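Chemist: I'd like to ask you about the structure that follows.
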Amino acid sequence: DMSSSTARDELEEALRDVPTDRGLGKKSRQALRTVASNLLQDLEDKIVLLGGARTNRRISYDLSRLLWRIESEEVLDDVTIDITGFQGEHEYSSNGSVVSSFSLTDINVSSSKPGPDSINFVDPTSVFKAELEGEKSGKERLAAVRVETLPRVVKGFTLYNHVEVNLFPGVVHHLVVQISKSIGKLFLSYFGLSKDDLREEHDSASMSSGTTITTAALSTDPSASPTQKFHKKSLLIGGKDSPRSSNSAAMNDARNDPKGSASRGPSSGASAESPSQEITFVKVLRIGHSDMNVSFGGFRRLNQTSLDISVPAYQKVYKIGSFTYLVQKYLKHLTVEIVKSGASSVFLRKKISDLGSDEILPTLPETDGYSDRGSIIARHLRR
């Protein structure tokens with residue numbers, strides 16, 4: 001056993017004290033952070049005492065190229081996502097720790113049929129691309145990710161010693177993003193954020209080998225109903241028909257009518273049996289800086305707006321919460337920097353004032369609840 005019984009028991013007791021009806025609030029996170037830090041230190045000391053981590057298995061893989069094409073009969077624009085040079089490696093140690101690293105050479109997103117909303121862009125066919133400064137060596141990487149996971153000793157609780165994401169490490173870069181209203185609708189439709197938009201959707205994904213897979217909203221059966229297609233896609237992206245959100249709905253019903261839920265028995269889907277989200281504790285979390293230019297086209301209040309955005313590195317220590325909560329905290333950091341960049345222009349300052357701060361900066365809850373209320377980005381894009 002890699003952890004002392006005392007440290008493990010303290011964390012298990014702290015987890016039992018978390019109110020399942022409300023999820024992780026600020027006080028709960030503070031209490032868990034203290035005992036999780038003790039457990040993490042205990043694990044690190046044990047690893048050092050045993051002579052360090054010894055790798056007993058290594059798995060690596062390499063994807064040279066992937067072409068992903070997205071189309072919809074309701075939108076003129078199409079999108080091709082060209083992913084090149086994806087590599088991954090996992091090193092498993094005898095003590096139960098895992099070190100994972102990933103790298104990605106490049107992603108290029110383009111449209112061969114740009115619609116009227118894109119006509120005034122510098123390059124109407126481009127949706128996303130990276131521009132590098134200086135002489136290129138051919139070894140540049142768009143993204144490098146490293147994740148150090150400690151042994152799992154408590155069910156429902158994952159410990160990370162280090163999580164780091166860098167965009168073009170060591171290279172001066174500029175990401176160019178051009179978003180038109182029609183492209184936005186295409187992505188929302190494809191990823192199942194609008195049920196009605198999925199009814200006529202069709203997409204195809206082709207590998208670099210030339211093999212083409214027609215997904216037709218995850219169903220190759222032409223007799224499949226639109227509702228069935230939507231349900232299958234929702235299972236992948238956590239939509240409102242997915243098991244996770246079904247559990248969340250059951251938990252909400254139980255909170256509103258605890259006696260009724262209990263009286264209906266197991267078949268009613270009462271929340272007492274529903275598992276809570278996995279809790280994540282990260283000792284060191286770092287997401288590197290990025291420079292980008294974001295242009296909008298076709299949006300009524302942001303028509304042909306262009307923003308130069310510099311997002312500083314996001315660095316935190318001893319962060320705790322569900323994975324969703326940690327992502328939301330970074331999205332808030334990202335949104336604040338976008339607002340700062342936009343406010344540097346007098347013209348954009350007026351645009352932001354017209355929109356209202358609530359539309360620009362989503363209000364993130366301080367509780368790390370278990371209910372699935374949908375994507376924050378999706379809700380604000382629909383406005």
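Chemist: When you scan segment 129-138, do you find a residue that is touching a residue at least 24 places away in the same chain (Cβ under 8 Å), in a loop (DSSP other than H, G, I, E, B) and within 27 Å of GLU73 (Cβ to Cβ), even just one?
Modeler: no
Chemist: Taking the options ARG69, ARG65, ARG57, name whichever one is surrounded by fewer than 16 Cβ atoms within 10 Å (Cβ to Cβ), of a type in the set (D, E, K, R) and in contact with a Phe, Trp or Tyr (Cβ under 8 Å, 6 or more places away or on another chain).
Modeler: ARG57
Chemist: Could you say which residue among LEU159, LEU186 is under 20 Å from PHE102 (Cα atoms) and surrounded by 18 or more Cβ atoms within 10 Å (Cβ to Cβ)?
Modeler: LEU159
Chemist: In this structure, is ARG141 touching a Pro at 6+ places or on another chain (Cβ under 9 Å) and among the basic types (Lys, Arg)?
Modeler: yes
Chemist: Looking at segment 52-87 only, could you name the residues that are at positive phi and more than 23 Å from the chain's Cα centre (by Cα)?
Modeler: Across segment 52-87, the qualifying residue is only GLY52.
Chemist: Going through segment 285-313 one residue at a time, which ones are part of a loop (DSSP other than H, G, I, E, B) and farther than 22 Å from VAL163 by Cβ?
Modeler: If the condition is that a residue be part of a loop (DSSP other than H, G, I, E, B) and farther than 22 Å from VAL163 by Cβ, then GLY298, PHE299, ARG300, ARG301, LEU302, ASN303, GLN304 are the ones that fit.
Chemist: Give just the number: which of (1) over 30 Å from VAL294 (Cα atoms); (2) in contact (Cβ under 8 Å) with a residue 24 or more places away in the chain does THR34 not satisfy?
Modeler: Among (1) over 30 Å from VAL294 (Cα atoms); (2) in contact (Cβ under 8 Å) with a residue 24 or more places away in the chain, THR34 violates only (2).
Chemist: Right, here's the next one. Taking segment 72-95, which residues are open to solvent by less than 40 Å² (accessible area, probe 1.4 Å), within 24 Å of PRO151 (Cβ to Cβ) and either among the charged types (D, E, K, R) or without any contact (Cβ under 8 Å) to a residue 12 or more places away in the chain (or both)?
Modeler: Passing the criteria: none in range.
Chemist: From (1) touching a helix residue (DSSP H, G or I) at 6+ places or on another chain (Cβ under 7 Å); (2) assigned to a strand (DSSP E or B); (3) not charged (D, E, K, R), pick out the condition that doesn't hold for SER182.
Modeler: (2)
Chemist: Here is a follow-up. Can you work out which of the residues in segment 28-64 that are in contact with an Asp or Glu (Cβ under 6 Å, 6 or more places away or on another chain) and not in a helix (DSSP H, G or I) is farthest from ASN95 (Cα to Cα)?
Modeler: SER60
Chemist: Of everything in segment 96-128 that's among the polar types (S, T, N, Q), open to solvent by less than 30 Å² (accessible area, probe 1.4 Å) and not in a loop (DSSP other than H, G, I, E, B), which residue is nearest to THR6 (Cα to Cα)?
Modeler: SER100
The values are calculated or read from the model by the stated rules, or taken from the named source; none is laboratory data. As the structure is a prediction and not an experimental result, all values here were calculated from the model. Cβ coordinates were reconstructed from backbone atoms using ideal geometry, including for glycine residues, and neighbour counts include every protein chain displayed. Just the protein is used for accessible areas: all its heavy atoms, side chains included, with ligands, DNA and RNA removed. Shrake-Rupley method; radii C 1.70, N 1.55, O 1.52, S 1.80 Å.
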